[in-house]
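Structure record follows, encoded as structure tokens.
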């Protein structure tokens, strides 16, 4: 993947410059939409009070490992949780949410998930979420699992990492559009790619997903949250559909 020079700005500078980096959300604004967001087509995927609009992958209802704690959708017991998916399917969209993960935790956001695979990740590409310090998986937070990762941060020599420490809230933005897809963590753009492009297909062909015939093939699908690799909480989950240009 060709990296534009602007990606080589150190993470700290990007955090200071990005207008989308926000201070801690006031309690009254958690799991709510402003008038401007509603007018722009945003909808909430979690109301902070119920599990409405979610169900376990290929199942009815939500397993007891998922609970609502302090206004957050929380995987409290990964042994009794599993992946949950939205009631509706989405093709092109912009998704934003906040997440907080446990020490050593590993989770993810998958998109265009269908019921054609044995697991959500067998059809839906995964925006990785994890504790970058102690998680065992070498695929780090914000990467598109086994496919794309950010460039090296010249300040550290390691892949760009804009995550906050365990226990703090991080903000995610995932843009999925026909022209480009973007992964952002705390206002820092990690990379972009084109879903279904020759480059995308070539990367899939070199990954573990090459043996999964339905991976990234659907024109639309569910948005999924992973709940089987540690404790993780989500809030302010909102989505805006994007209509392709005619």
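Answer with yes or no whether residue 20 is closer than 19 Å to residue 100 by Cα and modelled with pLDDT under 50. It would help to see each step written out before you state the result.
Numbers: closer than 19 Å to residue 100 by Cα: yes; modelled with pLDDT under 50: yes.
Criteria met by residue 20.
Could you say whether any residue in region 59-76 is in a loop (DSSP other than H, G, I, E, B) and within 29 Å of residue 194 (Cβ to Cβ)? Quick ask: steps written out before the conclusion?
Applying the first criterion (in a loop (DSSP other than H, G, I, E, B)) to region 59-76 yields 59-65, 70-71, 76.
So of that shortlist, the ones also within 29 Å of residue 194 (Cβ to Cβ) come out as none.
The answer is no, given that none of the residues of region 59-76 is in a loop (DSSP other than H, G, I, E, B) and within 29 Å of residue 194 (Cβ to Cβ).
Could you tell me whether region 112-122 includes any residue that is at pLDDT 95 or above, crowded, with 21+ Cβ neighbours inside 10 Å, at positive phi and not in a loop (DSSP other than H, G, I, E, B)?
Checked against the condition, which is being at pLDDT 95 or above, crowded, with 21+ Cβ neighbours inside 10 Å, at positive phi and not in a loop (DSSP other than H, G, I, E, B), region 112-122 yields at least one hit.
Contact list please: Cβ distance under 6 Å, first residue in region 70-85 and over 28 Å from residue 26 (Cα atoms), second residue at pLDDT 95 or above and outside any loop (DSSP other than H, G, I, E, B), pairs at least six apart or on different chains.
Note: pairs meeting the criteria are 81/66; 81/75; 82/56; 83/120; 83/224.
For region 35-57, indicate whether the set of residues that are part of a loop (DSSP other than H, G, I, E, B), surrounded by 10 or more Cβ atoms within 10 Å (Cβ to Cβ), modelled with pLDDT of 60 or more and in contact with a helix residue (DSSP H, G or I) (Cβ under 6 Å, 6 or more places away or on another chain) is non-empty. Break it down stepwise before answering.
Restricting attention to region 35-57, the residues satisfying the condition of being part of a loop (DSSP other than H, G, I, E, B) are 40-41, 45-53, 57.
Of the ones still in play, those that are also surrounded by 10 or more Cβ atoms within 10 Å (Cβ to Cβ) are 40-41, 45-48, 50-53, 57.
In the following step, the residues that additionally are modelled with pLDDT of 60 or more were identified as 40-41, 45-48, 50-53, 57.
If we keep only those that are in contact with a helix residue (DSSP H, G or I) (Cβ under 6 Å, 6 or more places away or on another chain) too, we end up with 57.
Looking for residues that are part of a loop (DSSP other than H, G, I, E, B), surrounded by 10 or more Cβ atoms within 10 Å (Cβ to Cβ), modelled with pLDDT of 60 or more and in contact with a helix residue (DSSP H, G or I) (Cβ under 6 Å, 6 or more places away or on another chain), one finds at least one in region 35-57, hence yes.
How about region 206-243: which of its residues are under 21 Å from residue 136 (Cα atoms) and touching a strand residue (DSSP E or B) at 6+ places or on another chain (Cβ under 9 Å)?
225, 226, 227, 228, 229, 230, 231, 232, 233
Go through region 212-228 and count every residue that is within 15 Å of residue 200 (Cα to Cα) and within 15 Å of the chain's Cα centre (by Cα).
0
The values are calculated or read from the model by the stated rules, or taken from the named source; none is laboratory data. All of these numbers come straight from a predicted model, not from anything done at the bench. For neighbour counting, all protein chains shown are included, and Cβ atoms are generated from backbone atoms with ideal geometry for every residue, glycine included.
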